[in-house]
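Undergrad: Quick one: this structure, given as structure tokens, is what I'll be asking you about.
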Amino acid sequence: MKKTALYVRQSLEKDKQKMSIDMQKSVCIEWADKNGYQISKVYQDYNVSGLKTKIEDRNGLSELLRDIEGGFVENVIVYKRDRLARDVQQYLEIYERFKDEKVHIHFTADNEPPLFQGPVGELLELVISGVAQYEGENINKKLIDSRIAKVKMSVDNKKIYWGGGTLPFGFVSKDGVLQHINDEAVEKIRCVFETFSRGVLADEGNISIPIPSLTEAAKHLRFKDASQVESIVKNRIHTGYVVQRIGKFTAEHFFKDFRVVDEETFQRAQEIYNSFKRGKVSRKSPPIITCEFICEECHSPMAFKKDNQMYRCENKPRAHKTHQNDLENAVRNQVLSYLVKLLKVNKRYVHKELAKLLSNEMDSKIDTYKKEREEKVSELKRYVEWDIKRKKPFRKVDLNKTYRIVSMCEKRFNVLLKEKKKIKKWIDKHSIDLTSVESLPMKVQEKAFDHIATVTFSPKSGIKCIFINHNYSDGEEIG
Ligand SMILES: [Zn+2]
């Protein structure tokens, strides 16, 4: 007969652990009694880390797995997930081996969600929030293709088609064809280049003043701010070359009518313009790691120093430090590959739940429109019946108005039905794609950081471990 097993584990640092073996046992036995399970064997691991120790070095767990694979075990009772493993890779391996033998796992700790509910439930949120964007990206791709096709119709010195985006200063797009707005705009462009190629603000009294600053130059040239001037000075379109970049596609066309300045003047303007730009501080990004971030050696917090983009240990800031980019990239990679692992293991479940949630959402929308449509139809009926009763001709105005509303409802209703079909198709097609880091929608990737609870940094080997926040209390260690 198949039996019910109890597995308990206590880690190395006894005093830090709230979860003594005895406590785990008593909670699990109580749970088994209450739920009608009879425990036939207890498997235990003392002084074993759930993070560092390999499965084969954990005697209790190895024995349990052997018995499971021998077909002797039907149920396993465990206090919490992290008793099985704290390392994701290991947890997933154990999980797979349990699943292969169709073993039921029961977690007994309060707040510990049953299998599937925890990480997956949370992930679903992530995935679903990314779906809308994913769809958007597909539509975007089509738009980009049509923009590129338009640009490709351009003919040098004849017609330049504008592929979209912000128009260069002084230009309009008429039926998609690029042209100067008017002579006044062209004159303004000429003035900008004259000023910058000479490096002086030409005065009315013909007294030349060297350009004091970009802002002053912009003011003198009657622009709102320096960025407008910058967009003119840097744009080669004013030498006649139209460069259009759409995604990875680049096209260059030439149209002599667009030429306001010659190549030499353009280059001189660049040099002078750049001399003003130089020395400007490059933009620094704010720190992403806003959760608890600890130096493993000193147990003190790592603080972010804005001046040189470093995270530094508060105890030994000179020795224990890491650059923002290095650290954040490493953390990002770990978190994302963790998400992907979870998605892979729970693929079918995630897919099913995702489909269910999306179609529920659609159904409730469709219901609303259905009701609206029915209401309007009966309203229309009432009008007609009322007029028949009164033996009067129908009032055309009211009839037309109601007809319009009904047909609008009808249209919306049909659009939704189509959309529902589209979403279903999308899910069927894309579920598998969600299992690599690159294919995770951007929104999911960004949101991944919200799920980090703690990061530990080792001065010797970089990031030590990241705790992912789950619904349950103490999180899961992932690296
Ligand atoms: Zn330190």
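The values are calculated or read from the model by the stated rules, or taken from the named source; none is laboratory data. The structure presented is a predicted model; accordingly, all values stated were derived computationally and were not measured. The protein model used for the area step is the full one, side chains on, heavy atoms only, and it has no ligands, DNA or RNA in it. Shrake-Rupley method; radii C 1.70, N 1.55, O 1.52, S 1.80 Å.
Undergrad: So which of K306/K344; K188/K306; K25/K102 end up more than 31 Å apart, counting from Cα to Cα? Intermediate results must be reported in sequence, preceding the final value.
TA: Details: K306/K344 38 Å; K188/K306 41 Å; K25/K102 24 Å.
Too far apart for the 31 Å limit: K306/K344; K188/K306.
Undergrad: Which whole-number percent is the relative contact order of segment 153-277 (Cα, under 8 Å, 6+ apart)? Walk me through the numbers on the way to the answer.
TA: On the way: 171 pairs, mean separation 34.0, N = 125.
27 percent.
Undergrad: Which far-off residues, 5 or more places away or on another chain, put their amide H under 5 Å from the one on T454, with H placed in the peptide plane?
TA: Correct list: F467.
Undergrad: From the C-alpha coordinates alone, can you work out the Kirkwood hydrodynamic radius of segment 153-277, in Å? Provide the component values of the computation, followed by the final result.
TA: Details: mean 1/r = 0.0655 Å⁻¹.
Its Kirkwood hydrodynamic radius stands at 15.3 Å.
Undergrad: Would you check the accessible area of H220, probe 1.4 Å, heavy atoms only, in square angstrom rounded to 10?
TA: Accessible area of H220: about 80 Å².
Undergrad: Probe radius 1.4 Å, ligands and nucleic acids left out: which of V42, V151 has the largest accessible area, and how do the rest follow?
TA: Numbers: V42 65, V151 0 Å².
Reading off the accessible areas and sorting them downward yields V42, V151.
Undergrad: Give me the accessible area of Y37, 1.4 Å probe, in Å² rounded to the nearest 10.
TA: The accessible area comes out at roughly 70 Å².
Undergrad: Heavy atoms of the protein only, probe of 1.4 Å, neighbouring chains included. What is the accessible area of K365 in Å², nearest 10?
TA: The accessible area comes out at roughly 90 Å².
Undergrad: Considering only protein heavy atoms and a 1.4 Å probe, what is the carbon-and-sulfur percentage of the accessible area of segment 153-277? Can you show the working numbers first?
TA: Numbers: 3470 of 7230 Å².
Here carbon and sulfur together make up 48 percent of the probe-accessible area.
Undergrad: Could you pull out every residue, at least 5 positions away or on a different chain, whose amide H is within less than 5 Å of the one on V242? Hs are placed 1.01 Å off N in the peptide plane, and Pro or chain starts have none.
TA: It is H253, F254, F255, by chain and number.
Undergrad: Order the following by accessible area, largest value first: V200, V335. Probe radius 1.4 Å; ligands, DNA and RNA are ignored.
TA: Working: V200 25, V335 5 Å².
Accessible-area ranking of V200, V335, largest first: V200, V335.
Undergrad: Shifting gears a bit: If amide H atoms are built 1.01 Å from N in the plane of the peptide, which residues on other chains or at least 5 residues away come under 5 Å of the amide H of V76?
TA: Those qualifying (amide H under 5 Å, at least 5 residues apart or on another chain) are A5, H104, I105, H106.
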